[in-house]
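The values are calculated or read from the model by the stated rules, or taken from the named source; none is laboratory data. All of these numbers come straight from a predicted model, not from anything done at the bench. Cβ: placed from backbone, ideal geometry, glycine included. Neighbour counts: every protein chain shown. Protein only, heavy atoms only, side chains kept; ligands, DNA and RNA dropped before computing areas. Shrake-Rupley method; radii C 1.70, N 1.55, O 1.52, S 1.80 Å.
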Amino acid sequence: MILVEDKAGMPAAVRWIDRTVEDIGRWSAWAAFALVCVMAGNVLLRYAFNTGSVWAQELEWHLMSPICLFGMSYALAHGEHVRVDVLFAKYAPKTKLAVEIVSATLGLLVCVAVVWLSRNYVAQSFGQNEASANPGGIPWRWALKGLIPIGFAVLGAQYAALIARYWIRFRAV
């Protein structure tokens, strides 16, 4: 079930969130391609030329973090997230929608909590101009940490869009 294709009768805000998450998902896919290239380059340097770079090794997780943080919204929008369907599959359609609304609401609350709790963490890192502790490492550690509240805000927006979508369906059933 691809949820982003179900656009009939959806509010403009829900459609905008879906388009934004779709674009972010495409960006994450390109970041995954870049990660593969960086990892292949690191392996080649290490085993073929017996050399390496701390900066290039750190770039791997600087790419992995946004892939995960932004890819989770894309996965949620496309219904590719992990769910346990043992009991859910036997529920009536209205009960399924009620479970989806409760689940999405709980997910949204977790996102709000993570965004709220990560504010000071990111602000402190930015205020200190935090960089890698390793010589030759990437100097923008604060930028990577700054992706935490942004990624969870995007995920929270996707949960809000799902709540609206499920609520519209719930009322129609």
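Some points to look at:
- Remark: the Cα gyration tensor places the range 42-173 in the oblate category, a/c being 1.5 or greater and a/b not exceeding b/c.
- Cut-off under 5 Å, modelled amide H: who pairs with ILE138 long-range: SER132
- In a fully extended conformation the segment linking ALA113 and MET10 would gain 34.4 nm over its present Cα-Cα distance, using 0.36 nm per residue.
- Taken one residue at a time, the phi angles of the range 149-154 give Karplus couplings (6.51, -1.76, 1.60, θ = phi - 60°) of x, 5, x, 6, 5, 5 Hz. Gly and Pro are set to x.
- Carbon + sulfur, % of accessible area of the chain - ligands and nucleic acids excluded, 1.4 Å: 69 percent
- Size of electric dipole in the range 82-173: Cβ of Lys, Arg +1 and of Asp, Glu -1, about Cα centre, debye, nearest 20: 400 debye
- Taking amide H atoms as placed 1.01 Å from N in the peptide plane, the amide H of HIS81 has no partner under 5 Å among residues 5 or more positions away or on other chains.
- Farthest toward positive dipole pole in the chain [+1 Lys/Arg, -1 Asp/Glu at C-beta], among VAL36, LEU63, ALA75: ALA75
- With contributions of -39500 (n - 2.57) from each DSSP H run of at least four residues, the per-residue ellipticity at 222 nm computed over the chain stands at -27000 deg cm²/dmol.
- Using θ = phi - 60° in the Karplus curve 6.51 cos²θ - 1.76 cosθ + 1.60, the 3J(HN,Hα) couplings for the range 157-173 round to 4, 5, 4, 4, 5, 5, 4, 4, 4, 5, 5, 4, 5, 4, 5, 7, 7 Hz; x is entered for Gly and Pro.
- When nucleic acids and ligands are ignored and a 1.4 Å probe is applied, SER53 ends up with an accessible area of around 40 Å².
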